[in-house]
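What follows is calculated from the coordinates using simple rules that are stated; it is not laboratory data. Computed from a predicted model, the values in this text were never measured in an experiment. Here Cβ is always computed from backbone atoms with ideal geometry, including for glycine, and neighbour counts include all displayed protein chains.
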Amino acid sequence: MGVAAAVHPYGDAVETGAETWNRCMQVNVGGIYLFAHFGVPEMRKRGGGAIVNLSSVQGRACQRRVAAYVASKGAIHSLTRAMALDFAPDNIRVNSISPGSVATPILELAARTLSPDEPVEEVFKRFGAAHPLGRVGRPEEVAEMAAFLASDKTSFCTGGDYLIDGGLLTGIGVR
């Protein structure tokens, strides 16, 4: 079980309005809270389970002009660790995944916002070149990591954040 809803507003910490900031936090972090609030009691009845939260590499290292998004993704890392501690006695494991650039609607929004005059496919190629593997990820690659973390194969993993970033955070400008 996991939560993967997100919004990705643009703007620095000052120019991002309170309404936009609050919406970002409500969707990106609040969705995880609500999932746990309603889901954990059911998981307790069943004797445990696994929660996989979706964060981002931007919760670890950020870009300019995405302050609300970055703050929300960092909060997901902290909330994941707190939930892992709180729910471990209930045999509920909690982990998060931090993808790099993955071909999703949010990455398309980034491409259109940052390079409005270029075809999205060309911008994706440029984004992919920043990753040592030389490409953007596919949604199914993230889904496979989530399924792995939800499986019994990771029964001793809780409180972790797992990168699925094509090597993005291993070095700067390395390819």
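Computed values, structure above
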| item | result |
| --- | --- |
| The stretch 68-162: chymotrypsin sites (Phe, Trp or Tyr not before Pro) falling in loop per DSSP and having at most 16 other Cβ within 10 Å | Phe156 |
| Note, ³J(HN,Hα) from phi for the stretch 117-133, Karplus 6.51, -1.76, 1.60, rounded to Hz, x at Gly and Pro | 9, 9, x, 3, 4, 5, 5, 4, 4, 5, 4, x, 5, 6, 8, x, 6 |
| Selection of GluC sites (Glu not before Pro), the stretch 2-90, meeting DSSP coil and at most 15 other Cβ within 10 Å | Glu15 |
| Radius, Kirkwood style, for the chain when every pair of distinct Cα atoms is counted (Å) | 16.9 |
| Residue-averaged [θ]222 nm for the chain, counting only DSSP H segments that reach four residues, each worth -39500 (n - 2.57) | -13500 deg cm²/dmol |
| Calculated log₁₀ intensity ratio I(q)/I(0) where the Debye formula runs over C-alpha points of the stretch 56-154, q = 0.13 Å⁻¹ | -0.57 |
| All aspartates and glutamates inside 15 Å of Lys45 as judged from Cα atoms, apart from same-chain residues fewer than 8 positions distant | Asp90 |
| DSSP-assigned coil residues among trypsin sites (Lys or Arg not before Pro) in the stretch 38-109, each with at most 12 further Cβ atoms within 10 Å | Arg46, Arg64 |
| Amide H partners (placed H, <5 Å) of Val136, local residues excluded | Gly128 |
| Gaussian network model of the chain, springs between alpha carbon atoms under 10 Å - residue of Ile76, Ile51, Ile92 with greatest fluctuation | Ile92 |
